[in-house]
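Novice: I'd like to ask you about the structure that follows.
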Amino acid sequence: MGNFLIRRFFNGILSLLVVALIIFVLLRAIPGGPFDTEKAVQPEVLKNLEAYYGLDKPAWKQFLIYIANAVRGDLGVSYSQLGYSVMDLIKDKLPVSVELGFYAMLLAFVMGIPLGVLAAYYHNTVIDYVSSFLAILGRSIPNMALAPLLIIIFGLTLRWLPVARWSTPDSKILPTIALGLAIAAAITRLTRASMLQVIRDDYIRTARARGLSEKRVIFKYALRNALLPVLSYSGPLIAAVLTGSLVIETIFAIPGIGRYFVISITNRDYPVVMGVYLVYGAFIIVMNIIVDILYAWADPRIRLTK
Amino acid sequence: MNSTIDNIDKGQENVTFEKGESLSLLAWYRFKKNKLAVASSVFIGLLILVAIFADWVAPSHYAAEDFMSSYLKPGKDFLLGTDFLGRDLLSRIIYGARVSLSVAVIGTLTSFIVGVSYGIVSGYFGGKIDNLMMRIVDILYAVPTILFVILIMVYFRAGKSEEFTGFKALMYNLDASMGGMLFIFIGIGLTAWLPLARITRGETLAVKEREYIEAAVSQGIGRRRILFKRILPNIMGPLIIYASVEIPTMILYEAFLSFIGLGVNPPTPSWGGMIAEGIQGIRSYPHLILFPSLAMTLTVLASNFIGDGLRDALDPKLKD
């Protein structure tokens, strides 16, 4: 276990380094620089600016300096917003995105697992069909189509909920649904499929033969095992939530980190791009490791060797 | 493939094993029984026709502006209304289908070709090559595809065709003449192949230990022939299933890119771009957002039904 963790940790660090290098190279390859403006900047001014931000050094040196600073928790300062360090920006914006993502995942599990269990339990009945249809519908409505729809229905027509922003609890309802529904659909599908498989296993038959109540068989025996595949899929699902939040944050005008993925690149704000993408990558890597650990903890048959 | 044989309906048993394509024929029988999938195929088929013959079907050109009639509600002259430049919404949705469907087809194809060739090479050669190739995939996996697509698209979109010569200029001109679709294809092709590479590698690893491969090797058949004639056909099933299930993802990719402004070049219409444009006026002109959303949802829904139908037809084992 310890061995596995150490290896995964170092693999993660290696991944991050390579990702940083790819982003670094790609960014420098994109035409245009961070100090391009409508009016041409005087060459002396440009030179001073570049010297100030260390952009006059050779590219490989810049990269090494960046990595060395990043290790110490210094991700540089934004080029486009003066006096704003990348760390500050991440501290300001990331919590909002994480909160949104957390609510969406919560909704997805709270909705998806019961629906999936119901569908499997009432396999090939109306309940199953309805739940499966809802699942495929949820999977098919792109969040960029769902979000405006929710705004039009609940915000503008019924006037039940605020149409934008991220402040009062009721303003968080629509973004959470818009982001979480597709994930809920995916979890419904997974839960249903894996429940159907588990229910046929011998130990379920044994449990029933012992005269245990149906509730006990389903929740105590079947569900626990059926949730394993769902758990192993939640790594990619978390990634999906985070990218989805980019769209949702734009539509609902939520001050999260999502929009910096695009703005920072178009501004050629190198430190912000690097910082935002690396934090994101690190987040995904850590979540994947946590999911693996949880998985091994939940299923003793799996040893953490790979 | 024995499981497929076990699963045939009785009546078809004698028809099927005389020709080489019998397995796909069997799959076709199963697919035909799935009404939702068939209806969806008809819908997508019609949509493809509409997209191809957009010039004749659409009431007007997608970029035809009429300032006197901007922001019109759906009505007699403009069936679905007009946008802020007075462009006919229905025409733009029809032309937008072109973009969505081309990306669905070509994006899937490119990622399929890249992913399958990568995975099959990695799996077949094994050892150090496999290790290195899969480590690269692992590393790229660490960052969500969409972020790489954004970076690559910015890289493409930041250049202008006048600045380049030779091959680059050719690519940029081609892209411009396609309304910006070429670089979307490339961007998706470069990033969406990762899962396919993994699946292909896994399947190759499983198949290459079989006796018939050993037999082929002992007969002295060349590597390339073994790869393409012995291994590839035997792992095609699961790969096609995966690719067809991923088609909606491609449509969503394009919509996402156009939504954040890195997709097709205006005035080329894309459903994602139309939604992004409509957001500003959602309070007063909800129809601008409603119709593109509906078009996108219906298309994704239909492709999901087709993908599921294909999966159930090609691999009945997977169907519960």
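Novice: Can you tell me which condition residue A:290 does not meet? The list is (1) within 14 Å of chain B (Cβ to nearest Cβ); (2) open to solvent by 10 Å² or more (accessible area, probe 1.4 Å); (3) aliphatic (A, V, I, L, M); (4) part of a helix (DSSP H, G or I), and all the others hold.
Specialist: (1) is the only condition that residue A:290 fails.
Novice: Among the candidates A:36, A:88, single out the residue that is open to solvent by 70 Å² or more (accessible area, probe 1.4 Å) and acidic (Asp, Glu).
Specialist: Details: A:88 fails: open to solvent by 70 Å² or more (accessible area, probe 1.4 Å).
After applying the criteria, what remains is A:36.
Novice: When you go through A:251, A:293, A:257, A:263 one by one, which is the residue that is among the β-branched types (Val, Ile, Thr), over 17 Å from the mean Cα position of the chain (by Cα) and under 30 Å from residue A:50 (Cβ atoms)? Please lay out each step first, then the result.
Specialist: Details: A:251 fails: under 30 Å from residue A:50 (Cβ atoms); A:293 fails: under 30 Å from residue A:50 (Cβ atoms); A:257 fails: over 17 Å from the mean Cα position of the chain (by Cα).
Answer to the check: A:263.
Novice: Right, another one. Looking at segment A:138-153, which of the residues that are at the interface with chain B (Cβ under 7 Å from one of its Cβ atoms) and farther than 13 Å from residue A:248 by Cα is surrounded by the fewest Cβ atoms within 10 Å (Cβ to Cβ)? Spell out the reasoning first.
Specialist: The first filter runs over segment A:138-153 and keeps only residues at the interface with chain B (Cβ under 7 Å from one of its Cβ atoms), leaving A:139-142, A:144-145, A:148-149, A:151-152.
So of that shortlist, the ones also farther than 13 Å from residue A:248 by Cα come out as A:139-141, A:152.
On the way: A:139: 21, A:140: 22, A:141: 21, A:152: 19.
Per the stated criteria, the residue is A:152.
Novice: Also: Evaluate the following for residue A:248: is it within 17 Å of residue A:96 (Cα to Cα), of a type in the set (Val, Ile, Thr) and touching a Leu at 6+ places or on another chain (Cβ under 6 Å)? Steps first, please.
Specialist: Details: within 17 Å of residue A:96 (Cα to Cα): yes; of a type in the set (Val, Ile, Thr): yes; touching a Leu at 6+ places or on another chain (Cβ under 6 Å): yes.
Judged against the criteria, residue A:248 is a match.
Novice: Please find, among A:29, A:51, the residue that is open to solvent by 30 Å² or more (accessible area, probe 1.4 Å) and within 14 Å of chain B (Cβ to nearest Cβ). It would help to see each step written out before you state the result.
Specialist: Details: A:51 fails: within 14 Å of chain B (Cβ to nearest Cβ).
Residue meeting the stated conditions: A:29.
Novice: When you look at residue A:187, is it buried (at least 21 other Cβ atoms within 10 Å of the Cβ), away from chain B (no Cβ under 14 Å) and touching a helix residue (DSSP H, G or I) at 6+ places or on another chain (Cβ under 7 Å), yes or no?
Specialist: Working: buried (at least 21 other Cβ atoms within 10 Å of the Cβ): yes; away from chain B (no Cβ under 14 Å): yes; touching a helix residue (DSSP H, G or I) at 6+ places or on another chain (Cβ under 7 Å): yes.
Judged against the criteria, residue A:187 is a match.
Novice: Still on this model: Quick test for you: out of B:108, B:16, B:82, pick the one residue that is open to solvent by less than 70 Å² (accessible area, probe 1.4 Å) and modelled with pLDDT under 75. Give the derivation first.
Specialist: Details: B:108 fails: modelled with pLDDT under 75; B:82 fails: modelled with pLDDT under 75.
After ruling out the rest, the residue left standing is B:16.
Novice: Condition check: surrounded by fewer than 17 Cβ atoms within 10 Å (Cβ to Cβ) and under 21 Å from the mean Cα position of the chain (by Cα). Does residue B:49 satisfy that? Can you show your working first?
Specialist: Details: surrounded by fewer than 17 Cβ atoms within 10 Å (Cβ to Cβ): yes; under 21 Å from the mean Cα position of the chain (by Cα): yes.
The answer is yes for residue B:49.
Novice: (1) under 21 Å from residue A:111 (Cα atoms); (2) modelled with pLDDT of 85 or more; (3) over 30 Å from the mean Cα position of the chain (by Cα): which one isn't true of residue A:209, the others all being true?
Specialist: (1)
Novice: If you don't mind, another one. Taking the conditions exactly as written (without any contact (Cβ under 8 Å) to a residue 40 or more places away in the chain and within 17 Å of the chain's Cα centre (by Cα)), does residue A:114 satisfy them or not?
Specialist: Numbers: without any contact (Cβ under 8 Å) to a residue 40 or more places away in the chain: yes; within 17 Å of the chain's Cα centre (by Cα): no.
When the stated conditions are applied, residue A:114 does not pass them.
Novice: Checking the conditions here, which among B:310, B:298 is surrounded by fewer than 24 Cβ atoms within 10 Å (Cβ to Cβ), more than 18 Å from residue B:181 (Cβ to Cβ), modelled with pLDDT of 85 or more and aliphatic (A, V, I, L, M)?
Specialist: Numbers: B:310 fails: modelled with pLDDT of 85 or more.
Residue meeting the stated conditions: B:298.
Novice: Would you pick out the residues in segment A:99-129 that are within 14 Å of chain B (Cβ to nearest Cβ) and of a type outside the set (Asp, Glu)?
Specialist: Residues satisfying the conditions are A:101, A:116, A:119, A:120, A:121, A:122, A:123, A:124, A:125, A:129.
Novice: Would you mind listing the helices (runs of 4 or more DSSP H) fully within segment B:79-196 where at least 3 residues are under 30 Å from residue A:289 (Cα atoms) and touching a helix residue (DSSP H, G or I) at 6+ places or on another chain (Cβ under 6 Å)? Walk me through it before giving the result.
Specialist: Values: elements: B:89-102, B:108-125, B:127-141, B:145-158, B:166-177, B:181-191.
So the answer is B:108-125, B:127-141, B:145-158, B:181-191.
Novice: While we're on this one: Quick one: which residue in A:129, A:79, A:121 is open to solvent by less than 60 Å² (accessible area, probe 1.4 Å) and at pLDDT below 90?
Specialist: Values: A:129 fails: open to solvent by less than 60 Å² (accessible area, probe 1.4 Å); A:121 fails: open to solvent by less than 60 Å² (accessible area, probe 1.4 Å).
None of the other options fit; the residue is A:79.
Novice: State whether one or more residues within segment B:61-77 are open to solvent by 40 Å² or more (accessible area, probe 1.4 Å), free of Cβ contacts under 8 Å to residues at least 12 places away in the same chain and not in a loop (DSSP other than H, G, I, E, B).
Specialist: Checked segment B:61-77: no residue is open to solvent by 40 Å² or more (accessible area, probe 1.4 Å), free of Cβ contacts under 8 Å to residues at least 12 places away in the same chain and not in a loop (DSSP other than H, G, I, E, B).
Novice: For segment A:230-253, does any single residue satisfy the condition of being under 24 Å from residue A:145 (Cβ atoms), part of a loop (DSSP other than H, G, I, E, B) and aliphatic (A, V, I, L, M)?
Specialist: Yes, segment A:230-253 contains at least one residue that is under 24 Å from residue A:145 (Cβ atoms), part of a loop (DSSP other than H, G, I, E, B) and aliphatic (A, V, I, L, M).
Novice: Now, a different point. Are any residues in segment A:259-270 more than 9 Å from chain B (Cβ to nearest Cβ), of a type outside the set (Phe, Trp, Tyr) and surrounded by 24 or more Cβ atoms within 10 Å (Cβ to Cβ), and if so, which ones?
Specialist: The answer is A:264, A:269.
Novice: Confirm whether residue B:226 is more than 12 Å from chain A (Cβ to nearest Cβ), modelled with pLDDT of 85 or more, assigned to a helix (DSSP H, G or I) and in contact with a Pro (Cβ under 8 Å, 6 or more places away or on another chain).
Specialist: Details: more than 12 Å from chain A (Cβ to nearest Cβ): yes; modelled with pLDDT of 85 or more: yes; assigned to a helix (DSSP H, G or I): yes; in contact with a Pro (Cβ under 8 Å, 6 or more places away or on another chain): no.
In short, no.
The values are calculated or read from the model by the stated rules, or taken from the named source; none is laboratory data. Remember, predicted model here, so these are calculated numbers, not experimental data. Note that we place each Cβ from the backbone using ideal geometry, even for glycine, and neighbour counts take in every protein chain shown. Surface accessibility is based on the protein's heavy atoms, side chains included, excluding ligands, DNA and RNA. Shrake-Rupley method; radii C 1.70, N 1.55, O 1.52, S 1.80 Å.
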